[in-house]
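Below is one structure, written out as structure tokens; comments come after it.
The values are calculated or read from the model by the stated rules, or taken from the named source; none is laboratory data. All values reported here derive from a predicted model rather than from experimental measurement. Reconstructed Cβ throughout: ideal geometry from the backbone, glycine too, with neighbour counts over all protein chains shown.
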Amino acid sequence: MRWLVFLGFCELLLLAMSLALATYIRYAYNPDELAEFTVHLPQRSLVFAIIIMVGMMALGQYQAHIRMTRFGLVARQFVAFVLGGVLLVIGYYIVPQAYVGRGVLAIALALGFILVLGLRMAFLQLVEVEALKRRVLILGAGNRAAQIHNQMRRRTDRRGFCVVGYVPRANETVAVPEHHLIHTDIPLHLFVQREQIDEVVVGVDDRRGHLPMDDLLECRQMGITITDLTSFFERESGRLQLTILDPSWLVFSGGFNATPLRQLSKRCFDLGAATLLLLLCWPLMLLEMLAIRIESGAGQPILYRQERVGAHGRTFLLLKFRSMRTDAERDGVARWAAKNDDRVTRVGRISRKLRIDELPQLWNVLKGDMSIVGPRPERPQFVADLASQIRYYSLRHCLKPGLAGWAQLSYPYGATVEEAAEKLKYDLFYVKNHNLMLDLLILIQTVEVVLFGRGAR
């Protein structure tokens, strides 16, 4: 996370510098206009930089766990700058005093794009340098420790750290390949000092009587970070690994902020965001209603009401624009939406792709049944089935379900028990770590989901 903050600060400076340079380039031969437009140049440069960075956030450019090719990086950044440019034009229309001129804006966007792209390319090369990564030693080589080897083997999964090796413990069934094991006769704290280890991750299968507590205490006194395996997964992958999760860790690890202040801030955020989205999207909602009426004809329902499970297991009626035929479940059996589902109407196929069908849920948010950000609301039939097969599934209901969510950003649509279990890892991460800033980032990055149509069915 620290390298992302550093990257963001550098990009803020580059973007601000881009507008300043663009102003001097555009008015280089016109001293009078140059003097006029440089009066409030620092403030204008800062506004330009912040708006473009909001566009980049919306396209997921500041996700710690994002995985993409170099072409994907260029494409996302291009769309982010287009989005930022549109926001700036709207801002200049609302506040004419901030206007910088079309020529300056075009030059600044081009300069900013080139400078930020160059910085990102160089930075990605830099974070891949092994010498600059945190050196991590895994204490344990059994089934728990092997989760790191099995689940985090891609280069992008280990962007900020490198695993030096795995230290097997006595009476532990080794599940890690032999060439990754470390056998040493010297005490752990001396080995850590010699190999310049930055962090020790405790991942033994059975802690009772199998932890070298004296050595770990020595490591702590030397400034070495000691981390539990579950916490390591949570921090590095943005999800909770269900296979190594135990109730005691959930109880003692912190998070699950449900204080009155947090509940008040979340409700205020929900009301403000829902009202703003309704004001912005009502023309789109009217067009959707008209399209459904034209396709389905008079007498056919425009809205669709469906029972969903909310906070603490209470059910509520969720509102959506109807995107399937009225006889989609004529036999009364609840079904997951499938890819290229033939029950979806022509209008529904477009509205589901762009998430327009979910806009009526803003009314559920205003009523208090849902939040803007939270786990996806599921049907009672699915919840009962999944809760009986997936451990900790009911934990996702300690918060109100959301219109957007961390799992929706991080994982595609889940239509099987296995996919639901994968999404639960991200839902539990959000439930445990939710705060106002995370809600805001998720809401902004949901723009990316809509633009690229990820996860829609």
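Any residue that is under 21 Å from GLY8 (Cβ atoms) and not small (Gly, Ala, Ser) - is there at least one of those in segment 90-97?
Looking through segment 90-97, none of the residues is under 21 Å from GLY8 (Cβ atoms) and not small (Gly, Ala, Ser).
What tally of residues in segment 164-195 results from selecting those that are hydroxyl-bearing (Ser, Thr, Tyr) and either within 14 Å of PRO212 (Cα to Cα) or surrounded by 11 or more Cβ atoms within 10 Å (Cβ to Cβ) (or both)?
Within segment 164-195, residues that are hydroxyl-bearing (Ser, Thr, Tyr) and either within 14 Å of PRO212 (Cα to Cα) or surrounded by 11 or more Cβ atoms within 10 Å (Cβ to Cβ) (or both) number 2.
Pairs needed: first member in segment 238-261, within 24 Å of LEU436 (Cα to Cα); second member anywhere, in a loop (DSSP other than H, G, I, E, B); C-beta distance under 6 Å; at least 6 residues apart or different chains.
Partner pairs satisfying both residue conditions: GLY238/HIS65.
Being at negative phi, polar (S, T, N, Q) and within 36 Å of the chain's Cα centre (by Cα) is the requirement here; does THR184 meet it?
no
Is at least one residue of segment 297-310 part of a loop (DSSP other than H, G, I, E, B), more than 29 Å from CYS398 (Cβ to Cβ), modelled with pLDDT of 90 or more and out of contact with any helix residue (DSSP H, G or I) (no Cβ under 8 Å at 6 or more places or on another chain)?
yes
Filtering segment 278-316 down to residues that are more than 29 Å from the chain's Cα centre (by Cα) and among the β-branched types (Val, Ile, Thr), which residue is farthest from LEU362 (Cα to Cα)?
Only one residue fits best here, namely ILE294.
I'd like to verify a number: residues in segment 352-372 that are touching a strand residue (DSSP E or B) at 6+ places or on another chain (Cβ under 6 Å) and small (Gly, Ala, Ser), how many?
Final tally of qualifying residues: 1.
Name the residues in segment 18-48 that are over 14 Å from ALA106 (Cα atoms), hydrophobic (A, V, I, L, M, F, W, C) and part of a helix (DSSP H, G or I), would you?
Within segment 18-48, LEU34, ALA35, PHE37, LEU41, LEU46, VAL47 qualify.
Can you pull out every residue in segment 385-405 that is assigned to a helix (DSSP H, G or I) and farther than 22 Å from PRO247 by Cβ?
ASP385
Need pairs with beta-carbon distance below 9 Å; first residue closer than 10 Å to LEU303 by Cβ and within segment 314-326, second crowded, with 18+ Cβ neighbours inside 10 Å and among the polar types (S, T, N, Q); sequence gap 6+ or separate chains.
Pairs found: LEU319/GLN361; LEU319/ASN364; LYS320/GLN361; PHE321/SER351; ARG322/THR345.
Consider VAL116 carefully, then state whether it is in a strand (DSSP E or B), under 26 Å from the mean Cα position of the chain (by Cα) and buried (at least 17 other Cβ atoms within 10 Å of the Cβ).
no
Just a yes or no: is a residue in segment 167-175 of a type outside the set (Ser, Thr, Tyr) and closer than 27 Å to PRO375 by Cα?
no
Name every residue in segment 422-457 that is β-branched (Val, Ile, Thr) and at pLDDT 85 or above, in order of residue number.
Residues satisfying the conditions are VAL431, ILE442.
Pull up segment 215-238, narrow it to residues that are in a loop (DSSP other than H, G, I, E, B) and either among the small types (Gly, Ala, Ser) or assigned by TED's automatic domain parsing to the domain that holds GLU419 (or both), then point me to the one that is surrounded by the fewest Cβ atoms within 10 Å (Cβ to Cβ).
The qualifying residue surrounded by the fewest Cβ atoms within 10 Å (Cβ to Cβ) is GLY223.
Can you tell me which of ALA106, ALA122 is modelled with pLDDT under 90, among the small types (Gly, Ala, Ser) and outside the structural domain of GLY203 (by TED's automatic domain parsing)?
Just a single option satisfies the conditions, and that option is ALA122.
Here is a yes/no grid of residues against (1) under 21 Å from ALA407 (Cα atoms); (2) assigned to a helix (DSSP H, G or I); (3) out of contact with any Asp or Glu (no Cβ under 7 Å at 6 or more places or on another chain); (4) of a type in the set (A, V, I, L, M, F, W, C):
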| residue | (1), (2), (3), (4) |
| --- | --- |
| SER248 | no, yes, yes, no |
| ILE292 | no, yes, yes, yes |
| GLU295 | no, yes, yes, no |
| ALA334 | no, no, yes, yes |
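Out of the residues in segment 406-428 that are among the polar types (S, T, N, Q) and not in a loop (DSSP other than H, G, I, E, B), which is farthest from VAL449 (Cα to Cα)?
SER410
Out of ARG153, ARG134, I need the residue that is surrounded by fewer than 18 Cβ atoms within 10 Å (Cβ to Cβ), in contact with an Asp or Glu (Cβ under 7 Å, 6 or more places away or on another chain) and not small (Gly, Ala, Ser). Which one?
Sole residue among the options that is surrounded by fewer than 18 Cβ atoms within 10 Å (Cβ to Cβ), in contact with an Asp or Glu (Cβ under 7 Å, 6 or more places away or on another chain) and not small (Gly, Ala, Ser): ARG134.
Looking only at segment 270-277, decide whether some residue is within 21 Å of the chain's Cα centre (by Cα), charged (D, E, K, R) and modelled with pLDDT of 95 or more.
Yes; the residues of segment 270-277 include at least one that is within 21 Å of the chain's Cα centre (by Cα), charged (D, E, K, R) and modelled with pLDDT of 95 or more.
Looking at segment 194-205 only, could you name the residues that are out of contact with any strand residue (DSSP E or B) (no Cβ under 9 Å at 6 or more places or on another chain) and over 12 Å from ARG135 (Cβ atoms)?
The answer is ASP205, and nothing else.
State all residues of segment 350-390 that are at pLDDT below 90 and on the phi < 0 side of the Ramachandran plot; if no residue qualifies, say none.
ARG352, LYS353, LEU354
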